[in-house]
1. Output the number of residues of the range 318-350 satisfying the condition of being in a loop (DSSP other than H, G, I, E, B) and in contact (Cβ under 8 Å) with a residue 60 or more places away in the chain.
2. Can you tell me how many residues within the range 288-317 are more than 15 Å from ligand 2 (Cβ to nearest atom), at pLDDT 95 or above and either part of a helix (DSSP H, G or I) or over 19 Å from residue 185 (Cα atoms) (or both)?
3. When the range 304-317 is examined, which residues are found to be within 30 Å of the chain's Cα centre (by Cα) and away from ligand 1 (no atom under 14 Å from the Cβ)?
4. Just one of 129, 71, 142 is farther than 17 Å from residue 46 by Cα, in contact with a strand residue (DSSP E or B) (Cβ under 9 Å, 6 or more places away or on another chain) and surrounded by 14 or more Cβ atoms within 10 Å (Cβ to Cβ); which is it?
5. Just to be sure I understand the filter: pairs with C-beta atoms under 7 Å, separated by 6 or more residues or on different chains, first member in the range 247-273 and free of Cβ contacts under 8 Å to residues at least 12 places away in the same chain, second member surrounded by 19 or more Cβ atoms within 10 Å (Cβ to Cβ). Which pairs pass?
6. Listed residues 189, 193, 156, 165; which is part of a helix (DSSP H, G or I), assigned by TED's automatic domain parsing to the domain that holds residue 311 and either in contact with a strand residue (DSSP E or B) (Cβ under 8 Å, 6 or more places away or on another chain) or surrounded by fewer than 17 Cβ atoms within 10 Å (Cβ to Cβ) (or both)?
7. Within the range 249-265, is even one residue assigned by TED's automatic domain parsing to the domain that holds residue 337 and over 21 Å from the mean Cα position of the chain (by Cα)?
8. Within the range 221-243, take every residue that is part of a helix (DSSP H, G or I) and farther than 19 Å from residue 310 by Cα and give me the one that is nearest to ligand 2 (Cβ to nearest atom).
Ligand SMILES: [Fe+2]
Ligand SMILES: [Fe+2]
């Protein structure tokens, strides 16, 4: 098979664009910026780049350098070397047609998503248009303006789901600070796994997502009848059957959340490594990793808390019990990692205790 057939269409598009810049690397980046624009751009509120018609970045204003400081160096580089993979193949084609063929009056708008293992995804709106007073029929320079919408997007999305969480908390009298503690333990465990570099999919986004979504693990209890949820003492067989439905209800409620991690946590946080959990008796790593992490966090906290049907355990007794359940209830590898950072779990519990929590009897 021809080797070029292995290339993705995005890679081919990038190569086409890079050819345009062949021999263009000897430009003096800052000298090319018309002097009258310097002061204007330096103080501009928006992150802004200036590129030439060969897609070479000839200038980046201070806000732009700050926005992308952790991702790459800008001035002197090829625009598509820096932003190509964050734009997507369709956008690359459109930008080429914009700059070279004058489509849409030499203007383009779209989105970029810059991602790395170490940093959370940076989402920006991107606008490309010719510099105001280009001489000649084709513009020589283009402004690229970015609008960082990372936090705005995240806040809007999470606010909607926080409302659901608040509604479920009104019903569930057992939560207290349980929800926020489970989030903190889950984040701590995920960060340790990130440091160990065992799982490829644990990156900065994973840690940020699990620190929010772990709190949603029991959101499905919004559909559980109050008399079962608030019953003093043990539940009957039938009541347990109803109670277990909270996993499926949670997955249904979170089905519109864009990251599948939300559904995975709600649906599978009561599955057990040996296949004896619920709702689907998944075995081993068939259980999604985020759910396995939240399971460790949720059970640690549940054991530490006093409930109407059981006393609280102290930290040492809790760790001992959970350590004995690696490979049965819990992912055995996660339990080893949990044991190595169990002291942090205790700190999180102690510094986020519910008011009126008594010292455990054992
Ligand atoms: Fe649950
Ligand atoms: Fe819980």
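The values are calculated or read from the model by the stated rules, or taken from the named source; none is laboratory data. Since the model is a prediction, treat every value here as computed from it, not as a measurement. Don't worry about glycine lacking a Cβ; one is built from the backbone with ideal geometry, like all the others, and counts go over all protein chains shown.
1. Keep residues of the range 318-350 that are in a loop (DSSP other than H, G, I, E, B), which gives 324-325, 327-329, 331, 341.
Those left that are additionally in contact (Cβ under 8 Å) with a residue 60 or more places away in the chain: 341.
Going through the range 318-350 one residue at a time, the tally reaches 1.
2. So the count comes out to 4.
3. 304
4. Details: 129 fails: farther than 17 Å from residue 46 by Cα; 142 fails: farther than 17 Å from residue 46 by Cα.
Among 129, 71, 142, only 71 is farther than 17 Å from residue 46 by Cα, in contact with a strand residue (DSSP E or B) (Cβ under 9 Å, 6 or more places away or on another chain) and surrounded by 14 or more Cβ atoms within 10 Å (Cβ to Cβ).
5. Within 7 Å, the pairs are 255/263.
6. Details: 189 fails: either in contact with a strand residue (DSSP E or B) (Cβ under 8 Å, 6 or more places away or on another chain) or surrounded by fewer than 17 Cβ atoms within 10 Å (Cβ to Cβ) (or both); 193 fails: either in contact with a strand residue (DSSP E or B) (Cβ under 8 Å, 6 or more places away or on another chain) or surrounded by fewer than 17 Cβ atoms within 10 Å (Cβ to Cβ) (or both); 165 fails: either in contact with a strand residue (DSSP E or B) (Cβ under 8 Å, 6 or more places away or on another chain) or surrounded by fewer than 17 Cβ atoms within 10 Å (Cβ to Cβ) (or both).
Just a single option satisfies the conditions, and that option is 156.
7. Here is the first cut: in the range 249-265, the residues assigned by TED's automatic domain parsing to the domain that holds residue 337 are 249-265.
Add one more test, that the residue is over 21 Å from the mean Cα position of the chain (by Cα), and what stays is 249.
Yes, the range 249-265 has at least one match.
8. Applying the first criterion (part of a helix (DSSP H, G or I)) to the range 221-243 yields 221-223, 226-229, 237-243.
From what is left, the residues that are farther than 19 Å from residue 310 by Cα are 221-223, 226, 238, 241-242.
Numbers: 221: 9, 222: 14, 223: 16, 226: 17, 238: 22, 241: 19, 242: 17 Å.
Going through the qualifying residues, I end up with 221.
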